[in-house]
Amino acid sequence: MDTAYVINTLFTLFAITLIILMVPGFAMLEAGLVRTKNVSSVLTVNVMIYAVASMAFILIGYTLAFGELHNETMSKWAFFMFQMAFVGKAINIMSGGVGERARLLPLSLFTIVMGGFIYPTAVNITWGSDWFKDTLLDINMVDLAGSTVIHSTGGWALLAAILIIGSRKGRYAGNHIRVIPASNIPLVVLGAMLLWIGWFGFNGGSVGSIATKEAANSVALTIFNTNVAGLSGAIIAGIIIYIRYKLFDITMILNGALGGLVAITAGAHLFTLYDSIMVGLIGGALVVFAVPLFDKVRIDDPVGALSVHLINGIWGTLAVGIFASDPAHNVTFMNQLKGVAEIAVFVFTISYVIIYLINKVFPFRASDEDQMQGLDVSECGLEAYPEFKRAI
Amino acid sequence: MDTAYVINTLFTLFAITLIILMVPGFAMLEAGLVRTKNVSSVLTVNVMIYAVASMAFILIGYTLAFGELHNETMSKWAFFMFQMAFVGKAINIMSGGVGERARLLPLSLFTIVMGGFIYPTAVNITWGSDWFKDTLLDINMVDLAGSTVIHSTGGWALLAAILIIGSRKGRYAGNHIRVIPASNIPLVVLGAMLLWIGWFGFNGGSVGSIATKEAANSVALTIFNTNVAGLSGAIIAGIIIYIRYKLFDITMILNGALGGLVAITAGAHLFTLYDSIMVGLIGGALVVFAVPLFDKVRIDDPVGALSVHLINGIWGTLAVGIFASDPAHNVTFMNQLKGVAEIAVFVFTISYVIIYLINKVFPFRASDEDQMQGLDVSECGLEAYPEFKRAI
Amino acid sequence: MDTAYVINTLFTLFAITLIILMVPGFAMLEAGLVRTKNVSSVLTVNVMIYAVASMAFILIGYTLAFGELHNETMSKWAFFMFQMAFVGKAINIMSGGVGERARLLPLSLFTIVMGGFIYPTAVNITWGSDWFKDTLLDINMVDLAGSTVIHSTGGWALLAAILIIGSRKGRYAGNHIRVIPASNIPLVVLGAMLLWIGWFGFNGGSVGSIATKEAANSVALTIFNTNVAGLSGAIIAGIIIYIRYKLFDITMILNGALGGLVAITAGAHLFTLYDSIMVGLIGGALVVFAVPLFDKVRIDDPVGALSVHLINGIWGTLAVGIFASDPAHNVTFMNQLKGVAEIAVFVFTISYVIIYLINKVFPFRASDEDQMQGLDVSECGLEAYPEFKRAI
């Protein structure tokens, strides 16, 4: 009996289901954060991304990222599906941040390009192995489950998209920033907690094997540290917010937790308990300070995706070079920084070009009237809660 | 150490939790699709079915289906619970389609009969082994996780129920079909995604063992194909709907995904990647075309259960005979067709008789006034959202 | 290869994710049961408890409960996280029952004390092993996954809290008990079902190992019995309620299920199928009768936590002494009763003192105006559903 092969397959199937649980996780989080009139549209985008990005990755992207489908430590189908489960996440990050104004058809086209080409190339130059990566770019970054490859990649694509698409109608008027409250807090909590739990599969599964005592310890430590960073991010965000406003803002607490989770994603297998607490505390604090900063420079991101994913994707990757520096094995701050910078330049540039081109033919931005009326009507033809009378 | 026994038990326990996650999955999907005034009633039916059908199967049905409780490849308690987790699904399919007008007491009585007798007999003549099945019916259908045994069985019972109970008050008036919009789209998305993820346990667990290299490959391929069919069903439904209406109707996209998932359920372990795409594409398309067709013939099914489960249960079972035909091992289109037909005749006839008899004593159909006021008040004595002011 | 070590680690990681799924489970259940104006506050408490109690347990509580971090049957990180996943539950029980009037800052302080000291001590004197437990208290109670250690512990702390904090403003006026309906039934169902599924990890994982044939059978039997008690509790609650009112009250049916689940938690590994049915039936019935009784004595518990967790925590622990009595192995009714009583005295006394002291400095009770307006505004600064017009 090939016990190790069997156990690794079972473990990876378990990790896959946790990661796919992040699809309803992201969907609920975003549906709760946007206004009622855009809820169906945001949900449709989330389901579309899972379907289209996964299929693009299955048919094209996987080969670009990893070459031939082959695996010796587990069933190749489990490995294939595990990698497929990642792809939607990067695009989810991007789509969330342009919510309430981006139209679905151009988003679908960009999803094909990002799932089939941009993300697989980012994977290839970080986790793959070929001439392009090893010789030309010489990337030696440690990035266990994608602080950079998933989260910063999604963040850079989002930044490119926001620069092209612009902010929501009425969000900024003169010096005034209009606060738009989340429409459904239970969905925000449900979504964030599903993401949190899904992260165990994300980071734990990325260790790649559980079938020896050392591997089992590494997987368990990774999941333990992942959770600790989430806890730390939530706690620090709650403390900062309470000190400032004497109020407990649950959306900020949860964004703090997600910030910690993004930050731990690059090095969860390498950190100690106290490292993980530090990485999470700084991650959560960064979110609390970044959210108003992006608003100050008029970068309109309704779900805080840049603060959570881009800022903490960078922080988490650099944190490996600080807390787990190991020059003998080529783990250095400079190598981490170089990896962050190369992915940044690559993803931002190509995303900007692709979004710019798609935008010329199929404009991303919904008209002012459609935004006023809500994208649910113009894009989906149905309201999210047609029977509930609206106060706003 | 009995490693294979232990691993199969663990794997089956994992599959069980995924399948039971389909209980809130179905509940949220149906609660989102019906009108606000019937939401509590629909939720109560879903919980009742899980409790009553499972208990009927534990106390009576299992023995009818499989004989003595015994298992050598895993703990018998895991196998028992895995089989128990299936039974509610068939009845859920039936109850969803008669939502917004069927009363709970007669539904509970039918649940006992279906969970204790009808479904176990359908299981016996497909997956069991005795004189009745082998000699009299001579069924040789391949049906991995129940395209026919679960989904068509539920669908035929539903058709019988709709013929007896009738359509919702006010749904059809003269030539007019009144469109009744879903009341809560986030719940629809959450429910559909929980079902999707639960399906991995459904189909993967049905392979029966993961404890050899071949078995692990078979399980992983099954789950991979299951997901691919869901993706394909969602994509084709989205494309068809967009071409027709220039809108993205998320309820139809999700029903397309579920159609693909139902269709792949009979042969997920036998198909290639491209087979799975074809099975899912056709499954998703069938749903989009079947929904208006059932309305045309005045068969009122508020959640699209016949289109998703009956039509695709049949299609998926036949698809095995098309894409995975293997006459040397007795896998032929005719064998599949024969199995579909025999289950159809058996389930439809017996369900019709039982529902007819129950209906004589405890009428299924809520009065017109109760339907107008909503079943939440008349059946449950509580509203689903008592504080939200209604616009409709 | 250390197969047993690897499989136990994987199994425990699986159990952990199920238990952490109870965080959104509790959050959704409570958010559905309270009024709209307190939903954000209740959700914030749930997330706060997970973050703060887990961190207090990681930094302090674990050592108090178990001594040095060490494990031979699985990765110590998996064991550590499994134990951490338990701590929040006891506090969740307490916080739910003081919902709609308890302020967040004092709750956070009590969470630190309960997660860092009270709960770990209760664990130590039941599951630990040292002079204090073995010699002084001489506790020999069987309590697999915490009918007493988790559920009664939470319940006793809740009782102390209610005695100090008092009932919600306007709940009892003269002889009149004001019925306050649940605000969101789908969330109640979703939450209860997530708790139900999480219980499989709770009880199954508490067996401690799955890596032999006997251990695998024990885990599978435990999960099977757990489910059976939940089914039985739901069924009996539904029957009693229907006989009394000719209505199906889904909140009571689900509380019946939860009562059965709490009751089976002490001895799920020891019971037969029919024992489990009896334990669940009695558990579900106890909830239905206890809810109005607590109201009669003016103990205001908006989510029924005392009926579900305290009453059934006691019943379940005693049930071990009735159905699984085994004097040769020191399992007797008197030993169970003694354990229940010692935990009761310890937890109630210390909780009362701590809550009393915190209350002197940071009053738990929100002002009457804040309660009228809702704690969402005064504690969180945001409403749960700002766009839905309220009928009440």
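The values are calculated or read from the model by the stated rules, or taken from the named source; none is laboratory data. Computed from a prediction, not measured in an experiment: that's the story for all the values here. Reconstructed Cβ throughout: ideal geometry from the backbone, glycine too, with neighbour counts over all protein chains shown. Only protein heavy atoms, including side chains, enter the accessible area calculation; ligands, DNA and RNA are left aside. Shrake-Rupley method; radii C 1.70, N 1.55, O 1.52, S 1.80 Å.
Some observations on this one:
- Spin-label model distance (nm) - C:Y274 vs B:F323, 7 Å beyond Cα toward Cβ: 4.8 nm
- When the trypsin sites (Lys or Arg not before Pro) in the stretch C:117-222 are filtered for DSSP coil states and for at most 13 other beta-carbon atoms within 10 Å of their beta-carbon, the remaining sites are C:R178.
- log₁₀ of I(q)/I(0) at q = 0.11, 0.19 Å⁻¹ - the stretch A:134-209, Debye sum with one point per alpha carbon: -0.55, -1.06
- Percentage relative contact order, chain C, counting C-alpha pairs under 8 Å, at least six apart: 26 percent
- Of the residues B:N71, A:I139, B:G61, the one whose Cα sits farthest toward the positive end of the charge dipole of the protein assembly as shown, with +1 on the Cβ of Lys and Arg and -1 on the Cβ of Asp and Glu, is B:G61.
- Helix-only mean residue ellipticity at 222 nm for chain B, each DSSP H run of n ≥ 4 adding -39500 (n - 2.57), per residue, nearest 500: -21000 deg cm²/dmol
- Sites B:L163 and B:F289, calculated FRET efficiency, Cβ-Cβ separation with R0 25 Å, nearest 0.05: 0.70
- Rounded to the nearest 20 debye, the dipole size of chain C about its Cα centre is 1060 debye, using +1 on the Cβ of Lys and Arg and -1 on the Cβ of Asp and Glu.
- Computed over the stretch B:19-130, the quotient of the alpha carbon radius of gyration and 2.2 N^0.38 Å is 1.12.
- Considering only C:F346, C:I322, C:P363, and ranking their Cα positions along the charge dipole of the stretch C:294-383 that arises from unit charges at the beta-carbon of Lys, Arg, Asp and Glu, the one farthest toward the positive end is C:I322.
- In terms of accessible area, using a 1.4 Å probe and ignoring ligands and nucleic acids, B:Y242, C:Y5 rank largest first as B:Y242, C:Y5.
- Whole-Hz ³J(HN,Hα) from phi, Karplus 6.51 cos²θ - 1.76 cosθ + 1.60, for the stretch A:112-126, glycine and proline x: 4, 5, 6, x, x, 10, 5, 4, x, 5, 4, 5, 4, 7, 9
- Accessible area that becomes buried as C packs against A, both chains, 1.4 Å probe, Å², nearest 100: 4700 Å²
- With the gyration tensor restricted to C-alpha atoms of the protein assembly as shown, the semi-axes of the equivalent ellipsoid amount to 37, 37, 32 Å, longest first.
- Relative contact order of the stretch C:206-315: 29 percent, from C-alpha pairs under 8 Å at least 6 residues apart in sequence.
- Solvent accessible area, Å² - A:I322, 1.4 Å probe, full protein context: 90 Å²
- Average other protein chain Cβ within 10 Å of Cβ, residues A:170-176: 0
- Sequence-ordered 3J(HN,Hα) estimates for the stretch B:205-219 from the Karplus curve with 6.51, -1.76 and 1.60 and θ = phi - 60° stand at x, 5, 4, x, 7, 10, 8, 10, 4, 5, 5, 4, 4, 5, 4 Hz, glycine and proline given as x.
- Whole-number accessible area per residue in Å² for the protein assembly as shown, which is evaluated in the context of all protein chains at 1.4 Å: 30 Å²
- A Förster radius of 35 Å combined with the Cβ-Cβ distance from A:Y245 to B:K213 puts the calculated FRET efficiency at roughly 0.05.
- Note that the stretch A:161-271 carries a Kirkwood radius of 16.2 Å, evaluated over its alpha carbons pair by pair.
- Principal-axis tilt of helix A:273-296 within chain A, Cα atoms, nearest 10 degrees: 30 degrees
- Computed across the stretch C:267-392, the Kirkwood radius stands at 18.3 Å (inverse of mean 1/r, all Cα pairs).
- Histogram of C-alpha separations across the stretch C:237-290, 5 Å bin width, %: 5, 24, 29, 20, 13, 7, 3, 0
- Share of carbon and sulfur in the accessible heavy-atom surface of the stretch B:1-84 [1.4 Å probe, %]: 58 percent
- Ranked by the mean number of other Cβ atoms within 10 Å per residue, highest first, peptides B:336-342, A:358-364, A:250-256, C:95-101 order as A:250-256, C:95-101, B:336-342, A:358-364.
- Panel values: chain B, Kirkwood radius from alpha carbon pairs, Stokes-Einstein at 25 °C and 0.890 mPa s, translational diffusion coefficient 117 µm²/s.
- The order of the peptides A:192-205, B:373-386 by mean Cβ neighbours within 10 Å, most packed first, is A:192-205, B:373-386.
- Computed label-point distance, nm, for sites A:L357 and A:E369 using a 7 Å Cα→Cβ extension: 3.3 nm
- Within 10 Å of the Cβ of each residue in C:42-52, the mean number of Cβ atoms contributed by other protein chains is 6.
- Simple Cβ-charge dipole of the stretch B:51-180, Lys/Arg +1 and Asp/Glu -1, about Cα centre, in debye nearest 20: 940 debye
- Across peptide C:81-87, the average count of Cβ atoms from other chains found within 10 Å of a residue's Cβ is 2.
- Rounded to the nearest 20, the size of the Cβ-charge dipole of the protein assembly as shown about its Cα centre is 3100 debye, with Lys and Arg at +1 and Asp and Glu at -1.
- Sorted on the mean count of surrounding Cβ atoms within 10 Å across their residues, most packed first, peptides A:52-63, B:146-157 read B:146-157, A:52-63.
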